[in-house]
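Nothing in this text is a laboratory measurement; each read-out follows from the coordinates by a stated rule. Since we're looking at a predicted model, the values are computed, not measured. For neighbour counting, all protein chains shown are included, and Cβ atoms are generated from backbone atoms with ideal geometry for every residue, glycine included.
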Amino acid sequence: MKLENYEVHLPNYSIGDQIYDKIGPVCESYGKKVLVIGGKKALAAAYDKIEQYVGQTNLEIIGKEIYGENCTYATVERLRQMPLYRQADMVFGVGGGKALDTVKCLCITDDKPVFAFPTIASNCSACTSVSIMYNEDGTFLKPHFFVRPVMHSFIDTQIIAQAPRQYMWAGIGDTYAKYYEATISAREDRLEHFTSLGVAVSVMCRNPLIDYGRQAFEDHKKGLCTYDVEQVILAIVVTTGIASIFLTKDFTPDYNSGLAHAVFYALTSYPVIEEKHLHGEVVGFGVLLALLVDRQYEEFEKIYELNRSIGLPVSLEDIDITQAQWQECVERIPGMSDIAHYPYRVTKEMLDEAMGQLRERVSKDYEER
Ligand SMILES: [Zn+2]
């Protein structure tokens, strides 16, 4: 084995319903002038609270900007040309994945201090060191990896608890996927310390969702910021961020993906997926098939029950995909890059068998009710 030579920067974060009072102690050493950049709805939800807490510090907000519409290199460049950006000592990024990914790509590249204020819990952008870049037409371009995540994330659970429920709902599917994809992809590999940590941490992307997912979803529907909601937010935003840092070595995300994501990406060739469904929602469906292909029947049962209880998809009908479209996907999935590194070759026959078993499970469910 080769000796390991690498640096790693872990996410720093505060979490709670009263944690914006940490803004002063954390950010004041980076300068004075703050530019706030975020999504439109995110700023509407969080800006007043940020401004109120910043008022109690030595910091000064010099501007508030809407980041744009999507995380593209053109959006990043437009923000970079703003005089206010050049004057700012630091940037506060406010929003969901696309807004945070945009400010990360802008500031980490320029080595300007950047802080994240996530307002929804659909992904781990606030705690990880990659931005997902899109083309101008809205299609996926590529992941852009950085040497570090933001300087610190302020995860306000009160604001997140009051966000539209579908984001956390979909985030749950993408989060438990991390555990199954990491453990299956890494099976039988001799892992160095770095990747081993990622695989070990990934179990925390599963356990809290099994334990608290259902109650958290119920509480979140009512806008309540409870212990269960907090545990699920931690899993989606923090644990997944840490796991994905450790699972990406030398910019090769071999252990960061797997069959559930291959299913998702194969399905994205049908516009209905982007139009009517969320990434994590469809990935959560893909996990069901991945577990059946992997013959993890007990785990399948747990995730099936979780999906059923919170309304995540369990059938093709749930994601508006026809049998004929699925048959086309079955042809493409075995060749997809997400399963290029997998402990076995995924075949069409395996996918057909898994889909048959899933159908049977769903019809048994209907008979029982
Ligand atoms: Zn994903």
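A few notes on this one:
- Extreme residue, nearest to the ligand (Cβ to nearest atom), among residues of the range 129-154 that are closer than 24 Å to residue 17 by Cα and crowded, with 24+ Cβ neighbours inside 10 Å: 149
- Scan of the range 269-284 for residues that are in a loop (DSSP other than H, G, I, E, B) and away from the ligand (no atom under 11 Å from the Cβ), ordered by number: 269, 270, 277
- When residue 184 is tested against (1) aliphatic (A, V, I, L, M); (2) within 16 Å of the ligand (Cβ to nearest atom); (3) within 16 Å of the chain's Cα centre (by Cα), only condition (3) is not met.
- When residues of the range 172-205 are limited to those that are without any contact (Cβ under 8 Å) to a residue 40 or more places away in the chain and of a type in the set (Val, Ile, Thr), the one farthest from residue 241 (Cα to Cα): 183
- Single residue of 287, 330 found to be touching a helix residue (DSSP H, G or I) at 6+ places or on another chain (Cβ under 6 Å), in a helix (DSSP H, G or I), among the hydrophobic types (A, V, I, L, M, F, W, C) and under 27 Å from residue 229 (Cα atoms): 287
- Listing of helices (runs of 4 or more DSSP H) fully contained in the range 204-268 that carry 2 or more residues being more than 16 Å from the chain's Cα centre (by Cα), more than 12 Å from the ligand (Cβ to nearest atom) and among the hydrophobic types (A, V, I, L, M, F, W, C): 207-221, 259-267
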